[in-house]
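K.L.:
Okay, here's the structure, questions in a sec.
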Amino acid sequence: CKPQIITLGNGNLFMSYIDDVQTRSDQNRTILMYTVFDGESWSIPAPVLDDGTVDFEPILYPDENNGVHILWQNGNKIFDDSVDLDYMESNLDLHYIHWNGSSFENSSPVTFENQNFEVLHKIVASEDYISIVWAQNSENDSLLLTGTNSIYRKQFNGSSWQDIELIASDLQF
């Protein structure tokens, strides 16, 4: 369920977690949810982005305006009952969205249908500048034990997302 909670500049708390949507097929049941504590009570939990696909590994980063930058692994398709772990991992991409204190905006895939399993993702931001880094494995090994590993970065420069940049490659475990 990967619960995370951060304090916003206004003292409110923002929490995200992975939930189980029992009305979906077994292969697509995980969804990223959020709720906000305003000092007295939690808001009714709601999906961050409900596109019908699986969600995993959310990362939260507060902004300077009581908002939150959110990064997570998002399925790039709805899986059928023949899916196996290798296929699922190669069809997860990183996805970014910003919560501005009252609603979500700037939803954007960071990686998209590249057949690579992105792991160990991190996000930092300052004002309108966002930097996202992650690792990829040449064998799509989620434990990064076989093959070689590479580190990538994608940045938002205040007005647009830049191309993905290779930072380091041929790294061993």
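K.L.:
Which whole-number percent gives the relative contact order of the chain, counting Cα pairs below 8 Å spaced six or more residues apart?
P.N.:
Across the chain, relative contact order equals 13 percent.
K.L.:
Take the alpha-carbon centre of the range 132-173, take the same for the range 78-92, and report the distance between them in whole Å.
P.N.:
After rounding, the separation between the Cα centres reads 21 Å.
K.L.:
Quick check: at a probe of 1.4 Å, how many percent of the accessible area of the range 74-173 sits on carbon and sulfur atoms?
P.N.:
Heavy-atom surface of the range 74-173 belonging to carbon and sulfur, 1.4 Å probe: 50 percent.
K.L.:
Just want to confirm a number: the relative contact order over the range 69-114, from Cα pairs under 8 angstrom separated by 6+ residues, in percent.
P.N.:
Answer for the range 69-114 is 40 percent.
K.L.:
Only sites in a loop by DSSP and with at most 14 other Cβ atoms within 10 Å count here; which GluC sites (Glu not before Pro) in the range 34-115 make the cut?
P.N.:
Taking the range 34-115 and a limit of 14 other Cβ atoms within 10 Å, the loop GluC sites (Glu not before Pro) found are 40, 64, 113.
K.L.:
What is the dipole size for the chain, taken about its Cα centre, with +1 at each Lys and Arg Cβ and -1 at each Asp and Glu Cβ, in debye to the nearest 20?
P.N.:
300
K.L.:
Quote to one decimal, in nm, the extra length available between residue 120 and residue 13 on full extension: 0.36 nm per residue of separation minus the C-alpha distance between them.
P.N.:
Going from the current span to full extension adds 36.1 nm.
K.L.:
Run the numbers for residue 5 and residue 27: contour at 0.36 nm per residue of separation, minus the present Cα-Cα distance, in nm.
P.N.:
Full extension from residue 5 to residue 27 adds 5.2 nm.
K.L.:
Over the chain, with the other protein chains present, what is the accessible area per residue in square angstrom, probe 1.4 angstrom?
P.N.:
Counting only protein heavy atoms, the per-residue value for the chain is 53 Å².
K.L.:
Here's a follow-up. Given the Cα-Cα distance of residue 37 and residue 145 and 0.36 nm per residue of separation, how much length would full extension add, in nm?
P.N.:
Extending this stretch completely gives an extra 34.9 nm.
K.L.:
Give the calculated FRET efficiency between residue 81 and residue 108 to the nearest 0.05, with a Förster radius of 35 Å applied to their Cβ-Cβ distance.
P.N.:
0.70
The values are calculated or read from the model by the stated rules, or taken from the named source; none is laboratory data. On a predicted model such as this, the values are computed, not experimentally measured, just so you know. So basically every Cβ, Gly included, is an ideal-geometry build from the backbone, and we count neighbours across all protein chains shown. What goes into the accessible areas is simple: the full protein's heavy atoms, side chains included, and nothing from ligands, DNA or RNA. Shrake-Rupley method; radii C 1.70, N 1.55, O 1.52, S 1.80 Å.
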